[in-house]
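The values are calculated or read from the model by the stated rules, or taken from the named source; none is laboratory data. The model shown is predicted, which means the values in this text are computed figures rather than measured ones. Cβ: placed from backbone, ideal geometry, glycine included. Neighbour counts: every protein chain shown. Note: accessible area is taken over every heavy atom of the protein model, side chains too, but ligands, DNA and RNA are not part of it. Shrake-Rupley method; radii C 1.70, N 1.55, O 1.52, S 1.80 Å.
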Amino acid sequence: MTSNDDFVLEILEEEGLVTREQIETARAAVDDGKSSALDVLVERRELSKRDALAAVAARFGMEMITLTGMSIPAEVTAAVSVETARQFKIIPVHKSENTLTVAVGDPIDVETLDRLRYILKCNIEGVVALPEEIQVALERYYTAESSMEKLISDIDGTHIDVVNPGTQGVIGDATDVTESDVPIIKLVSLIIFEAHRNRASDIHLEPMEKRFRVRYRIDGVLHEVDSPPKRLQAAILSRVKIMANMKIAEKRTPQDGRIQVNVRGRELDLRVSTVPSVHGESIVMRILDKQNLALGLPKLGFFADDQEKFERLITLADGILLVTGPTGSGKTTTLYACLNYINRPDRKIITVEDPVEYQMPGVNQVLVREDIGLTFAAALRSILRQAPNVVMIGEIRDLETARIATEAALTGHLVFSTLHTNDAPSAITRLLDIGIKPFLVASALRAIIAQRLVRTVCAHCKESYRPPQSEIRLLGPMAAQMKDLEFFRGRGCARCSLTGYSGRAGIFEIFLITDEIQKMIFEKKPANELRVRARELGMRTLREDGLRKVLSGLTTLDEVLRVTMGDAE
């Protein structure tokens, strides 16, 4: 871990982080010099590497920092060359008038700081970070010659025709474009390629007052990445708009478009949206991977008992199945997985969507176009004359859409749709507020599924741990049940960019409309009474389902608490 094992162990013993007995046991376990006693203590989870570094750093008057999630400006990283940063395994994190602050992985190695002062000809101040975090930062900020910096340097010497920059093609890797392509095309391709490589669901291109910010949404959390200089803003935005078949001269009104690309053999649809802002057009590209269409229900996060219940619901002959949750909770993915599961030659499936996110073979998909009068309600009236078995409505937004969906369910159609409500019982209140009669809601509904997405623990750095009592107390009445159970989290590694998470899964609240619940709906019982009775009949809340997934090691307690803070019980 550091350059002086014995000295560090003395510090850790003095600080009370390890005992003399633990140290001697670890020394006896050292394998012929292939590992140190410190490494043995860390591997046995008797000591945290971060705690050890922090204790040694404090002894030398140095600050311990976390590089994960930190955004380092380009002018700071430019103060140290690629060769120097990689040679000394350091990352510059702050620059003042005559002082450069660099992160090192070994607080005892004062020689590195002295050599940097000589090489860089400035005052160097050291802070300490985990070596793994420094390695990830080196890969992020000091990439190879095909990086954004080289492309930008090429652009500086190239005339850019933003009106017709070329044709879009396959994005195989960062340099998979022809010699005739201008660098701005390579730069936009690099942004898309890196987003896909990092498993991003969205790309955000955001003009600010003095800079042009690029962010990726990875596992539901936004991360700022290396951003092009402000001077390239207009060229990049124009290139994206041309790829999406938008009007590049129109910058005063929002526009929507779509880009289809092939990234290393995988077909991606990018749904593009522009919104005028104070400092230029803000563009969001939502990445839709067609391979997600083949997701099985277990991949969505269903356990065996819920999956069996869900499979029975989606194969019913008629009725309405609603999926609820806020924007970004995975409702559309769940509906597409349902359609994929029941999509057979003997069934006619029609969808009405705004927009059509995935194009599914064997499914008739209708795109809503309100500019020509093709609204959800108008499309629904027409498609019911097509004699479908299954109808999927992108969202129930108004009375007319809700009324036609209800009538379709009562006349022998299976209807899938979504609503924006926080939990499952609230969807009934929402339908009644829209204007649907209680007896129609009670008769048409079969089930309501509320869902959220939680980040899943990285399989490569998974470890057991004991959450702090402050987190467990947030569980309220359920805290007593969690007292002596085992929890898991990710330590953070290069594969998960030190976040401890990789991928997402759903947590679900399945509210079945039984005869008793139908009677309560007809009597206009409030949502809280419906919720209490549904729980008595066996419904698990979002938080309860999330805790099942915490105990299975799929996610963390902190993550479930984050997405279910509204679940008071």
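Which net charge results for the neighbourhood of GLU206, defined as the other residues with beta-carbon distances under 13 angstrom from its beta-carbon, given Lys and Arg at +1 and Asp and Glu at -1?
Around GLU206, the charge tally is +2.
At a 4.7 angstrom Cβ threshold, list every cysteine in the chain that has nobody to pair with, or say none.
CYS122, CYS338
Using a 1.4 angstrom probe and counting only protein chains, how large is the accessible area of GLU486 in Å², to 10?
The accessible area comes out at roughly 110 Å².
How much accessible surface does HIS279 have with a 1.4 Å probe, in Å² rounded to 10?
80
Rounded, prolate or oblate: which one fits the range 365-499, using the alpha carbon gyration tensor with axes a ≥ b ≥ c (rounded when a/c is under 1.5, else prolate when a/b beats b/c, else oblate)?
prolate
Going by alpha carbons, how many degrees (0 to 90, nearest 10) lie between the helix axis of 527-536 and the longest principal axis of the chain?
Once rounded, the angle reads 80 degrees.
Please give the net charge around ALA54, taking every other residue with its beta carbon less than 12 angstrom from that of ALA54, where Lys and Arg add +1 and Asp and Glu add -1.
Value of the local net charge: 0.
Leaving ligands, DNA and RNA out of it, report the carbon-plus-sulfur percent of the accessible area of the chain at a 1.4 Å probe.
49
Between 0 and 90 degrees, rounded to the nearest ten: what's the tilt of helix 110-120 against the longest Cα principal axis of the chain?
Relative to the chain, helix 110-120 is tipped by roughly 90 degrees.
When the helices in the chain are scored as -39500 (n - 2.57) per DSSP H run of 4 or longer and the sum is shared across all residues, what 222 nm value do you end up with, to the nearest 500 deg cm²/dmol?
On the way: 23 runs with 209 residues, N = 569.
Computed ellipticity for the chain at 222 nm equals -10500 deg cm²/dmol.
What net charge do the residues around ALA409 carry, taking every other residue with its C-beta under 10 Å from that of ALA409, with Lys and Arg at +1 and Asp and Glu at -1?
Numbers: positive: ARG446; negative: ASP318, GLU407.
That works out to -1.
If I ignore ligands, DNA and RNA and count only protein heavy atoms, how much of SER81 is accessible to a 1.4 Å probe, in Å² to the nearest 10?
Only protein atoms counted, so the area is about 50 Å².
Over the chain, what is the mean sequence separation of C-alpha contacts under 8 Å (at least six apart), divided by residue count, expressed as relative contact order in percent? Let's see the in-between values first.
On the way: 961 pairs, mean separation 50.7, N = 569.
Value for the chain: 9 percent.
Mind checking which aspartates and glutamates have their Cα closer than 14 Å to the Cα of LYS462? Skip sequence neighbours fewer than 8 apart in that chain.
GLU43, GLU486
Using the Karplus curve 6.51 cos²θ - 1.76 cosθ + 1.60 with θ = phi - 60°, what ³J(HN,Hα) values do you get for each residue of the range 505-511, in whole Hz, with x for Gly and Pro?
9, x, 10, 10, 10, 9, 9
If you take the Cα atoms of the range 307-429, find Rg, then find the Kirkwood Rh from the mean of 1/r over all pairs, what is Rg/Rh?
The Rg/Rh ratio comes out at 0.93.
Antiparallel versus total DSSP beta bridges in the chain: what percent is that, nearest 5?
65
Rounding to the nearest 10 and keeping the result within 0 to 90°, find how far the Cα-based axis of helix 183-197 lies from the longest principal axis of the chain.
Rounded to the nearest ten degrees, it is 80.
Less than 18 Å apart at the alpha-carbon level, and either on another chain or at least 8 residues along: which lysines does that give for LYS241?
Partners within reach: LYS186, LYS230, LYS251.
Let me know the shape class of the range 418-557, please: from the alpha-carbon gyration tensor, a ≥ b ≥ c as square roots of the eigenvalues, rounded when a/c is under 1.5, otherwise prolate if a/b is greater than b/c, or oblate.
On the way: a/c = 3.44, a/b = 2.16, b/c = 1.59.
The shape class here is prolate.
Leaving ligands and nucleic acids out of the surface, order MET520, MET565, MET392, MET208 by accessible area at 1.4 Å, largest first. Could you put the intermediate results ahead of the total?
On the way: MET520 25, MET565 115, MET392 5, MET208 60 Å².
Descending accessible area places them as MET565, MET208, MET520, MET392.
Among all the lysines, which ones have a C-alpha under 18 Å from LYS519's C-alpha, if same-chain residues fewer than 8 places away are not counted?
Reachable lysines: LYS437.
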